[in-house]
Amino acid sequence: MTSLFDRPEYLALALPAIPAAVFVLVRWKRMASLVLPALLNTGPRPAVSIFRAVVVRTVCYALAWMLVACAFASPRWGTKLLPVRQEGASVLFVLDISRSMTVGDVAPDRLSYAAEYASVLADRFVNARVGIVLAKGSGILAIPLTADRRSVRDLLNAVSPAMLSSAGSNPGSGLEAALASFPASSAASRTIVLFTDGDETSGSLLEAARSVQKSGASLVVVGIGTEEGEAIDVYPGASEPTFYTTRLQEDFLRQAVRIAGNGSLYVNGSDAGSALDVISLVDGSQNGSRMVYSRTGVYRYGEVLAAAFLLFAAGCVAGGRVWRKRM
Amino acid sequence: MISFARPLFFVLLCALPLYAVLLKTRILGRIEFPLTIGDWDGSPFRWNSPALRFARFVAVVFFVAAFGLAVTAAAGPVRFIQERMYSGNGAGIIFALDVSPSMAARDMQGGSRLEAAKSGIRSFAAQRPGDSLGLVAIGSDAALLVPPTRDEAAFLSRLDSLSIGELGDGSAIGLGLAVAAAHLVDRQYSRSAVILMTDGENNAGEIHPNTAARLYHTHGISLFVTGIGTRGEVPVDYTDPSTGNRVTGMLSSEFSENALKEIADAADGYYLSSPDSASLEYVFDLADESVPPAASSWTRTMEQRFEQPLLGAALVLFALSWIVRRLVMGALI
C-alpha cells in the first residue's frame with residue numbers, strides 16, 4: 001500500500017471525513033426525528049426520500065474528500081521507461097559495521113573480509129568515483145564520492161564497529177544515506193554495493209530497496225558470512241552472557257535485490273568469482289557515454305482527482321434530482 | 001513558465017456556474033422543506049442576520065477557491081527546469097585552511113578570519129558544480145577532512161562544522177600542503193590546485209613548507225597562498241574545543257608575509273595578502289581564472305510538479321468551508 005504513495009503519511013488526512021460524515025448524519029437524524037413526522041405525507045417530499053438524499057450526498061462528499069487526500073499523498077502506480085543519458089560511473093560502498101559483522105565465520109572476521117573485498121573492488125573501478133557509507137543503528141556518509149582512492153583505502157583499512165556510536169543494525173539506513181549522497185548534477189551511473197550479513201534490528205532494508213528502485217540506482221548486495229553462522233554475546237557487558245547465533249540471511253537479501261530491480265544483483269561474498277560479477281556490472285558503465293532506460297512510476301493525480309470530482313458531482317446531483325422526480 | 005499536462009480538466013471550472021444555473025432554473029433542487037418555527041411571545045426568528053450572511057459568503061468563497069485549486073491540480077501544473085549535468089571529475093581543488101586559534105581574530109569586517117574564509121569558500125564552491133573540491137584542516141597537525149569530491153553537500157557540511165582549535169594550537173603549514181598534494185598527485189583531474197589560507201607561520205609539523213611546495217612544482221599543482229587578516233592588536237573570541245572554555249582578549253597579530261611568499265614562489269604559485277574580505281574575494285577570482293570551471297556535458301530537462309501544494313491548500317480551504325458552514329453557521333442540511 002505504502003509503495004503506491006510517495007507520502008503515505010498524508011493518507012491520514014482522509015480519516016476526518018468519517019467523523020465529519022457521522023456528525024452530519026447524526027445531527028440530521030436528531031433534527032429529522034423532531035420535524036419530519038409533521039411532514040410525513042404532507043410535505044412536498046416524503047421524509048424517507050429526503051433522508052436517503054442526505055445520506056447519499058454525505059457519503060459522496062466524504063468519499064470525494066478521501067480521494068483528494070489520497071491525491072495529496074502523491075499516488076503512483078504502473079511504470080514507464082524513461083531514457084537517461086549516462087557517462088561514467090559512481091559507486092557507493094555501504095558497509096554494515098554492526099556487531100554481528102565481527103564474528104569469525106569467514107576469516108578473519110566478516111567486517112575485515114568485507115573491507116578487503118571492497119578494497120579490491122575499489123582498485124578495479126579505475127574510472128569510477130567511489131564513496132563509503134557506514135551503517136550501524138544509522139547510516140553515515142564517511143567518504144563522499146571521490147576519485148581519490150587513497151582516502152577510500154585508508155578508511156577501509158581502519159573500519160571497525162567503534163566508528164559509529166549508534167547501537168543496533170540497520171543496513172536500510174545505509175542505503176538511504178547512500179541514495180542521498182549521489183550528486184543530482186552527476187551524469188554518472190549510480191551503483192550501491194551493500195556489504196552485510198542481513199541481520200537487522202531496526203529499520204527496513206526492504207523499504208530502502210524500494211527507494212533504490214524508485215531512484216533508478218542499481219543495488220549490489222554482497223552477502224558476508226555463512227548460513228551456519230556463529231554465536232555472538234548480545235550484551236557483552238552483562239554478568240550473564242546471552243548468546244545469539246547470527247547467520248547470513250541470504251533469502252532476505254535476495255528479496256531486497258528483487259525489490260530494488262534496475263539490474264540489481266546478489267552475490268555471496270564467499271563464492272569464488274563473485275567479485276567478477278560485481279566488477280562486470282559496474283565495468284559496463286565506467287567508460288563512454290550511453291543511453292539507458294530507467295523504469296519510473298507514473299503519478300496518478302489526474303485519475304484520482306477525476307474520481308473525486310465524479311463523486312462530488314454525484315453528491316451535488318443526488319439530493320436535488322431525487323427530489324424533483326418525486327415532486 | 002508553467003504548463004499543464006492535462007489542461008482538459010479546466011473544463012470543470014464551468015461546473016460551478018452550471019450548478020448555479022441548474023439550481024436557478026430548478027432543474028436541480030436543494031434539499032429543503034417548509035417548516036414553521038416560532039415561539040409564542042418570543043423574539044422574532046432572525047435567520048438571515050448580517051453575521052450569518054457574512055459567514056455564508058466566507059464559506060462560499062473558501063469552497064469556490066478550494067474547488068478552483070483542486071481543478072488546477074488535476075490539470076497537472078508543471079514547470080520544466082534545465083539542469084546542467086557533469087561527467088568526469090573536473091578540476092581537483094583542495095582548500096588548506098588554517099584553524100589555529102589566531103584565525104578567531106575578528107578583523108574581517110567584524111567577522112573572524114575563519115568565518116571570512118569559509119564564506120569565500122562557500123561562494124567559490126557554488127560556482128564550481130562540476131569540479132572536485134576537498135578540504136584540509138591545518139592546526140598543530142594537518143588532516144584531510146574531505147577528499148576531492150563533487151558532492152557539494154558533503155563538502156559544505158564538513159566545512160560548516162569546522163571549528164577553531166580543532167587540530168590544536170599550532171600551524172603545520174608544510175604538513176597541510178603535503179597532505180593536500182598527496183591527494184592530488186594521481187592526476188585524476190583536468191587541473192589540480194590548492195588554496196592555502198592562513199594567518200601564521202609554520203610552527204609545527206615535520207615537513208618544511210618549502211619542501212612541500214616543491215612537490216607542487218614537480219606535479220603541476222597550482223598553489224594559491226593568502227595571508228588573512230591585519231597586523232597589530234586585534235580582538236579574539238572563540239571557544240576552545242578541548243576545554244569548552246570561551247577565550248576572549250586581544251591578540252598581537254604578526255606574521256611574516258615573506259615566508260608565505262617564499263612558499264608560493266617554491267611552488268611557482270601566487271601569494272596574495274587578504275587584510276579584508278574584498279581582498280579575499282580577489283584570491284578566489286584569481287583561482288577561478290587560473291583554474292577554469294568544468295564545462296557541463298549536457299543539460300537535462302527536469303519536471304517540477306505543483307499538484308501537491310495546490311491540493312494541500314485545497315484541502316485546508318475545503319475544511320475551513322465545512323467548519324464555517326456546519327459548525328459556525330450550524331447548517332443542518
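Observations, loosely collected:
- Where GluC sites (Glu not before Pro) in DSSP loops with at most 13 other Cβ within 10 Å are excluded, longest remaining stretch of chain A: A:1-226
- Amide H partners (placed H, <5 Å) of A:Ile132, local residues excluded: A:Phe93, A:Ala142, A:Ile143
- C-alpha center-to-center spacing [the range B:120-144, the range A:180-223] in angstrom: 28 Å
- Chain A - convex hull of the alpha-carbon atoms, volume per residue in Å³: 175 Å³
- Across peptide B:74-83, the mean count of Cβ atoms from other chains lying within 10 Å of each residue's own Cβ comes to 2.
- Put a plus charge on the Cβ of each Lys and Arg, a minus charge on the Cβ of each Asp and Glu, and nothing anywhere else: the dipole of chain B about its Cα centre is then about 2880 debye.
- Take each residue in A:179-188, count the other chain C-beta atoms within 10 Å of its C-beta, and the mean is 6.
- Residues whose placed amide H lies under 5 Å from that of A:Asp6, excluding near-sequence neighbours: A:Arg76
- Anchor A:Lys80: lysines whose Cα lies under 19 Å away (excluding residues fewer than 8 positions away in-chain): A:Lys214
- Within the listed set B:Ala65, B:Ala294, B:Ala267, the residue fluctuating most in the Gaussian network model of chain B (springs between alpha-carbon atoms under 10 angstrom) is B:Ala65.
- Judged by the mean number of other Cβ atoms found within 10 Å, the most tightly packed of the peptides A:254-262, A:185-193, B:102-110, B:272-280 leads the ranking A:185-193, B:102-110, A:254-262, B:272-280.
- Residue-count net charge about A:Gln249 - beta-carbon cut-off 11 Å; Lys, Arg +1, Asp, Glu -1: -4
- The A-B contact accounts for roughly 5000 square angstrom of buried accessible surface, both chains included, probe 1.4 angstrom.
- Label point distance in nm, A:Gln255-B:Val247, each placed 7 Å from Cα along Cα→Cβ: 5.6 nm
- What you get for the range B:238-333, charging only the Cβ of Lys and Arg (+1) and of Asp and Glu (-1), is a dipole of about 1380 debye around the Cα centre.
- The packing ranking of peptides B:162-168, A:92-98, B:2-8, B:133-139, highest mean first, is A:92-98, B:133-139, B:162-168, B:2-8, where packing means the average number of other beta carbon atoms within 10 angstrom of each residue.
- Relative contact order for chain B, counting Cα pairs under 8 Å that sit 6 or more residues apart, in percent: 24 percent
- Of all the options A:Ile224, A:Ile279, A:Ile50, the one that moves most in a Gaussian network model of chain A with Cα springs shorter than 10 angstrom is A:Ile50.
- Sum of -39500 (n - 2.57) over DSSP H runs of 4+, divided by residues of the protein assembly as shown (222 nm, nearest 500): -13000 deg cm²/dmol
- Distances between placed amide hydrogens fall under 5 Å for B:Val247 paired with B:Tyr238, B:Thr239, B:Asp240, all partners being 5 or more residues away or on another chain.
- Shielding of peptide A:295-302 by partners, expressed as the average count of other chain Cβ atoms within 10 Å per residue Cβ, is 3.
- Projecting label points 7 angstrom from Cα along Cα→Cβ for A:Ala162 and B:Gln109 puts them 4.6 nm apart.
- Contact order for chain A, expressed relative to its length and based on alpha carbon pairs under 8 Å spaced 6+ residues apart, stands at 25 percent.
The values are calculated or read from the model by the stated rules, or taken from the named source; none is laboratory data. Since the structure is predicted, the reported quantities are computational estimates derived from the model, not experimental observations. For neighbour counting, all protein chains shown are included, and Cβ atoms are generated from backbone atoms with ideal geometry for every residue, glycine included. Surface areas here come from the heavy atoms of the whole protein model, side chains and all, with no ligands, DNA or RNA. Shrake-Rupley method; radii C 1.70, N 1.55, O 1.52, S 1.80 Å.
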